[in-house]
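Notes follow once the structure below has been shown.
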Amino acid sequence: MICYKCKKEICPKDKPFSGLHPSCFLDWFGLANVREFNDVIARESESNLGPFNDINSSFFHGKFRKYSAHLAGVSYLLKVKQDDFPELPHCEYVCNQIAQLLGLNIPAFYLIRFMGNLDTFVSRNFMQDFSNASLVHMYHFLEEKDEFDCETLKKIIENKTQRIKDIECFIEITLFDSLIGNHDRHGRNLGLIQTPDGFHLSPVYDNPSYIGIEINDLLGAIHEPRGKIITQKTSEPKLQDYVEEWKRLGHQDLVEKWLSKVFHLQNKLLDIINSSFMSEKRKEALLKLLNRRLEEVSND
C-alpha cells in the first residue's frame, strides 16, 4: 500500500491509518496523536433554488457522498467516493494540486482512505477562520434577468468587494477551470464571504475536472468540456474563449501573465498528473485535455 501523502510504501508493521503512514497523518493534519474524524454529518445540497435552478444545477451532484466532520476541533468537509465514480476523489485532489501550483487561493486539502477503506477528498472548512461571517453564494446577487456570464459576475464582485485582487482571482478561476476541464462552476460553488468589514471573494472550492467522472470505456475519447460561466461570444466556452473574453473586458495583461505562468509550469503540471493516484487511462485523458487546452492558446 502506498501512502497518499509521501507516496512511499507503507510497511505492514507501520499499520496504515486512513491510507497514510501514521506519522504522515499527524504531520498533514498537525496532530500530536492519531485520532479518527468525529461528529460526522451527512450533508445535502440546497434543493429550493427558485428561478436560478439552471445556473445552480450541479453535474457533480450525487457523484460524491458529502459529510462534515471534525478532527481535533477543526472542521472539515469530506467527499467520499461512490462505486460508480471511484476515482473522483483522486481527480479532485490532483486538480487542487494544480490550483495550488498556479497560486489560486484554495482551502487546505487532503486525500485519505476514510475508515481505512473509502477513498475520500478532504478539505478544510475555511469559514471557521472568519468570525461573524457568512458565505453568500453568487446566485444570491443575480437578478432574474441576469446572465451567468463573465461580465455580469465581474461587475458583482467589483461592486461588492471593491477589490481589484478579487476580480483578478475570479478571472484566474475561470481560466483554471477551463484548463483542467471543470465544467461545473455554478452559482453555489462560487461565493463571497460577508464580514462586518464587507465582502470579499471566497477561496476556490469544488474543483474537479469532468475527467474524474467519465466512464472508463470512454476515457480514450477526445473530451472537450465547456465552462458553465458563459461569455459574450458563446454559451459553451473553452479556454480560448475565456482568453478572448477577458481581453475584451480590458484584462489583457493579466491574461498574458497567467498564460506565461502556465507555460512556464507546464512540465510541473504534467508531473502532478503523472504522479497521481488515478489510473493510467484517466491520467492520460487529463494529460491530453490539458495539452489540447494549452495548444489552443499557444499563439496568444
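Can you divide the C-alpha Rg of the chain by 2.2 N^0.38 Å and report the result to two decimal places?
Working: Rg = 19.3 Å, N = 300, 2.2 N^0.38 = 19.2 Å.
That ratio works out to 1.00.
Our summary gives the chain a relative contact order of 16 percent, counting only alpha carbon pairs under 8 angstrom and 6 or more residues apart. Taking each of Lys145/Lys228; Lys7/Lys268; Lys165/Lys228; Lys66/Lys160 in turn, the alpha-carbon distance tops 19 angstrom for Lys165/Lys228; Lys66/Lys160. Largest first and in whole Å, the equivalent-ellipsoid semi-axes of the stretch 255-300 read 22, 12, 6, each the square root of five times a Cα gyration tensor eigenvalue.
May I have the convex hull volume per residue, in Å³, for the Cα set of the stretch 108-174? Before the final figure, lay out each step's value.
Values: hull volume 10.4 nm³, N = 67.
Per-residue hull volume (Cα only) is 155 Å³.
Placing dummy labels 7 Å off each Cα toward the beta-carbon, the span from His70 to Leu294 is 4.4 nm. For the stretch 204-233 and the stretch 125-145, write down the distance between their C-alpha centroids in whole Å. The two parts, judged by their Cα centres, are 25 Å apart.
In terms of the mean number of neighbouring beta-carbon atoms within 10 Å, the peptides 90-103, 155-168 order highest first as 90-103, 155-168. Length gained on full extension, Arg35 to Gln266: 79.4 nm, using 0.36 nm per residue less the C-alpha separation.
Remark: the stretch 193-207, residue by residue, has Karplus-estimated 3J(HN,Hα) of 8, 9, 10, x, 8, x, 9, 8, 5, 6, x, 8, 10, 6, 10 Hz, where x stands for each Gly or Pro and the curve is 6.51 cos²θ - 1.76 cosθ + 1.60 at θ = phi - 60°. For the pair Ser235 and Ala42, label points projected 7 Å from Cα toward Cβ lie 3.5 nm apart. Within straight-line reach of Lys5, meaning a Cα separation under 20 Å, sit the following aspartates and glutamates at least 8 residues removed in sequence or on another chain: Asp14, Asp27, Glu36, Glu87, Glu92, Asp119, Asp271, Glu280. The distance between label points at Ile2 and Glu168 comes to 3.7 nm (points 7 Å beyond Cα on the Cα→Cβ vector).
Bear in mind that the values in this text are calculations on the coordinates, not laboratory data. Bear in mind that the values here come from a model prediction, so they are computed numbers and not experimental data. Here the Cβ is made from the backbone with ideal geometry for all residues, glycine too, and neighbour counts use every protein chain on show.
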